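The values are calculated or read from the model by the stated rules, or taken from the named source; none is laboratory data. Please read all numbers here as calculations on a predicted model, not as lab measurements. Cβ placement follows ideal geometry from the backbone for every residue including glycine, while neighbour counts extend to all protein chains displayed. Only protein heavy atoms, including side chains, enter the accessible area calculation; ligands, DNA and RNA are left aside. Shrake-Rupley method; radii C 1.70, N 1.55, O 1.52, S 1.80 Å.
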Amino acid sequence: MLTLEISKQIVKNVYPIVLSNRSKIFQEEVSVAALQDYFGLDHAFSVYAAATIIYQLEADGYVSKPLKRNEYKRILIK
C-alpha cells in the first residue's frame, strides 16, 4: 500500500515537469523507458507512476493512443 501512495505522490509532483518537457523527453516514442532515461532512474522510478503519467498525457490530448497506423506506439500529438 505504501508503494501505491508513493507512486501517487510521484505522479502528482512529476506530471507538471513531464508536461512542460514532453518534447525533450519523448523524442521518438512515448514510453516508460523514455521517462526512466530522461530522469536517469532505474526501477526505483515506479512503472506504475510512469504508466499513469503516460495515460494522463493521453487523456489530456498530448499523446496518441497506440494505434495500428503508428505501429502500436504512442506518439506526441502536441
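Using the eigenvalues of the Cα gyration tensor, what equivalent ellipsoid semi-axes result for the chain when each is taken as the square root of five times the eigenvalue, whole Å, largest first? If you can, show how the numbers build up before the last one.
Values: eigenvalues 88, 32, 29 Å².
Square roots of five times the eigenvalues give 21, 13, 12 Å.
With the charge dipole of the chain set up from +1 on Lys and Arg Cβ and -1 on Asp and Glu Cβ about the Cα centre, the Cα lying farthest toward the positive end among the listed residues Ala34, Leu4, Asn21 is that of Asn21.
Looking at the chain, the accessible area is 67 square angstrom per residue; that uses a 1.4 Å probe and ignores ligands, DNA and RNA.
Which helices, taking whole DSSP H runs in the chain, have alpha carbons extending 27 angstrom or more along the helix axis plus mean Kyte-Doolittle at least -1.0?
Length and hydropathy pass: 2-20.
Run the helix sum for the chain: -39,500 (n - 2.57) per DSSP H stretch of 4+ residues, divided by residue count, reported at 222 nm to the nearest 500 deg cm²/dmol.
-17000 deg cm²/dmol
Rolling a 1.4 Å probe over the protein heavy atoms of the chain, with every protein chain left in place, gives an accessible area that is 56 percent carbon and sulfur. Computed about its Cα centre, the charge dipole of the chain is approximately 300 debye, with only Lys, Arg, Asp and Glu carrying charge at their Cβ.
Please work out how much length the chain gains when fully extended from Glu28 to Ile75, using 0.36 nm per residue of separation minus the C-alpha to C-alpha distance, in nm with one decimal. Spell out each step's value before the answer.
Values: separation 47, 0.36 × 47 = 16.92 nm, distance 0.75 nm.
That pair, Glu28 and Ile75, stretches by 16.2 nm at full extension.
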